[in-house]
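Step one of this worksheet: look at the structure below.
The values are calculated or read from the model by the stated rules, or taken from the named source; none is laboratory data. Computed from a predicted structure; not experimentally measured. Using ideal geometry, Cβ is built from the backbone for each residue, glycine included, and neighbour counts are taken over all protein chains shown. Surface areas here come from the heavy atoms of the whole protein model, side chains and all, with no ligands, DNA or RNA. Shrake-Rupley method; radii C 1.70, N 1.55, O 1.52, S 1.80 Å.
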Amino acid sequence: MAGTSSKVPIEIVSDDEMASIDVAFATAACSRVTPVAAPAIYSPASTPRIRRIGTSIESVPVRAKRGLFTCSDPDIEDIGSFVRASRKKKSREDDTLLHRFRSKRGLFVTDITKTEWCEKQMEFSLFYEEWKNHEAKPDFAFVYGGASRKSKAMKAGIDRHVQLEREVLEPVGVNVKSHEDFMALKLVNFINGVNQLMFEGLTRELPIISFDFAQGIWMVGKIDEMQMPKAKHDHNPVLVETKTRYRDTVPAESQKRNGRVQLMCYKYLWDNLVAHADRNFPSKQLFDYFELNPRRMLCKDLRTACVDSGFSALTLGDVVMCYKNMCKKLPYANDKLVLRYESQRDQSLLEEEKFAYDDGWIKNEIGICFEFWFGQREASYVNEEEQWKCGFCDFVSQCPANTGDSESTETLSEDDDD
């Protein structure tokens with residue numbers, strides 16, 4: 001970690017991830033950056049400025065970028081693939097979608113939003129993922145159409161998020177050695193992100209791992225942006241989600257609802273961390289669920305990263321203790337949530353929706369999704385009013401609900417999710 005100032009908060013990335021970030025950022029429309037061979041530490045440029053768009057809520061100027069620790073392995077939502085080298089054969093009692101596809105991984109926030117969008121499409125995509133990973137037949141993309149028609153728009157959304165991320169994050173490469181290192185990496189990035197939020201007023205791409213006590217499962221995600229309010233009497237951070245639009249149109253109500261589900265899920269997970277940090281923080285459940293050894297020594301890079309981050313940790317258990325202590329200090333997230341829609345053409349603000357968190361509503365939505373994931377019922381189809389979604393589905397030709405006359409009358413937000 002030579003060259004890293006202890007005054008700059010840190011976050012951790014992989015060799016491959018850093019390379020992909022550099023490539024994406026280099027092709028972004030608004031700015032360029034020279035790719036640097038990873039692992040590397042990017043020296044802070046001049047004070048970064050956060051774009052203010054239209055009537056958007058004020059973004060907080062950031063005095064220093066936080067370091068983003070990265071490794072050559074998948075992101076938080078791929079943690080199960082890293083933890084488990086090979087898929088074990090499931091017993092009949094474990095033959096639910098949750099156990100079959102998310103065992104030892106946790107349920108992603110994007111799993112919730114995609115299930116809310118269309119359960120049948122979610123089911124198709126899960127089996128497609130499994131089939132692709134284990135069979136990988138060359139004609140499969142032809143059968144299901146692939147995602148080529150969306151790739152350009154989705155890439156623009158990814159590029160925009162990379163640009164926003166790089167305004168406040170400094171990629172710092174580390175070489176993780178174990179499953180425990182990988183979990184510690186995510187927790188350290190959370191700790192550093194929260195420190196940046198509290199001291200600088202803003203952070204982005206914040207990984208979150210939280211236990212849903214009501215359902216007894218782990219849920220994971222990555223919060224797009226959190227801001228501290230300007231008002232002196234308000235100390236509850238505001239959750240912000242930015243979606244990019246391929247066309248300069250206002251999103252349909254079903255798209256807005258899906259975005260609200262995503263933001264409310266993040267608040268639900270954040271508030272769960274805060275509520276249970278003092279007395280019943282689920283440390284044992286974390287180690288047991290992900291099959292991790294709390295006494296395993298961290299790799300040298302991570303031990304150094306912890307010191308650079310302002311605390312000392314030798315084992316995963318030490319990092320979890322710091323994570324728990326950090327959560328004890330956190331306020332609940334603000335009940336006001338902000339959903340932004342930007343044009344991919346020029347990053348102009350198309351619409352910004354401010355809405356209130358509804359605890360009962362989101363718990364009900366999550367519960368409905370869990371019925372599907374726990375195998376309590378078959379996957380449902382979109383209702384008649386929302387059959388326009390089928391025009392954007394890669395699996396429409398295989399879907400029993402397909403009538404052959406799906407017309408896409410809406411314009412989707414082609415954005416990366418978490």
Self-check item: Gain on full stretching of the segment that runs from K155 to A356 - 0.36 nm per residue minus C-alpha separation
Solution: 69.3 nm
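By its C-alpha gyration tensor, with a ≥ b ≥ c as the square roots of the eigenvalues, how is region 194-253 shaped: rounded for a/c under 1.5, else prolate for a/b larger than b/c, else oblate?
Note, shape of region 194-253 comes out oblate.
Tally Lys/Arg at +1 and Asp/Glu at -1 over every other residue whose Cβ is under 13 Å from the Cβ of F211; what's the total?
Neighbour charge sum, excluding F211 itself: -1.
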Practice problem: Give the peptides 375-382, 235-242, 99-106, 185-192 in descending order of average Cβ contacts within 10 Å, highest first. | Solution: 185-192, 235-242, 99-106, 375-382
Quiz item: Which residue, chosen from Q255, M219, F281, occupies the Cα position most advanced towards the positive end of the dipole of region 209-296, where the dipole is computed from +1 (Lys, Arg) and -1 (Asp, Glu) charges on Cβ about the Cα centre?
Solution: Q255
Exercise. Mind checking the full-extension length gain between K132 and R279? Use 0.36 nm per residue of separation minus the Cα-Cα distance, one decimal, nm.
Key: 48.6 nm
Quiz item: Label points 7 Å out from Cα along the Cβ direction at K363 and L314: separation in nm?
Solution: 4.3
Quiz item: Which order do M183, M321 take by accessible area at a 1.4 Å probe, largest first?
Solution: M321, M183
Quiz prompt | Pairs beyond 29 Å (Cα-Cα), from K177/K324; K132/K222; K132/K155; K152/K230; K243/K389; K155/K300 | solution = K152/K230; K155/K300
Quiz item: For region 332-383, what class follows from the C-alpha gyration tensor (a ≥ b ≥ c being the square roots of its eigenvalues): rounded when a/c is under 1.5, otherwise prolate if a/b is larger than b/c, else oblate?
Solution: oblate
Quiz item: So who's got an amide H within less than 5 Å of the one on L350, skipping anything under 5 residues away but keeping other chains? H placed 1.01 Å off N, in plane.
Solution: Y341, E342, S343
Practice problem: Would you please name the trypsin sites (Lys or Arg not before Pro) within region 222-274 that are DSSP coil residues with at most 15 other C-beta atoms within 10 Å of their C-beta? | Solution: K230, K232, R247
Quiz item: What full-extension length gain, to one decimal in nm, is calculated for E371 and N175 as 0.36 nm per residue of separation minus the Cα-Cα distance?
Solution: 66.6 nm
Quiz item: Looking at the P(r) of region 150-305, how many percent of alpha-carbon pairs lie beyond 27 Å?
Solution: 35
Quiz item: In vacuo Debye scattering of region 221-354, one point per C-alpha: log10 I(q)/I(0) at q = 0.21, 0.22 Å⁻¹?
Solution: -1.18, -1.24
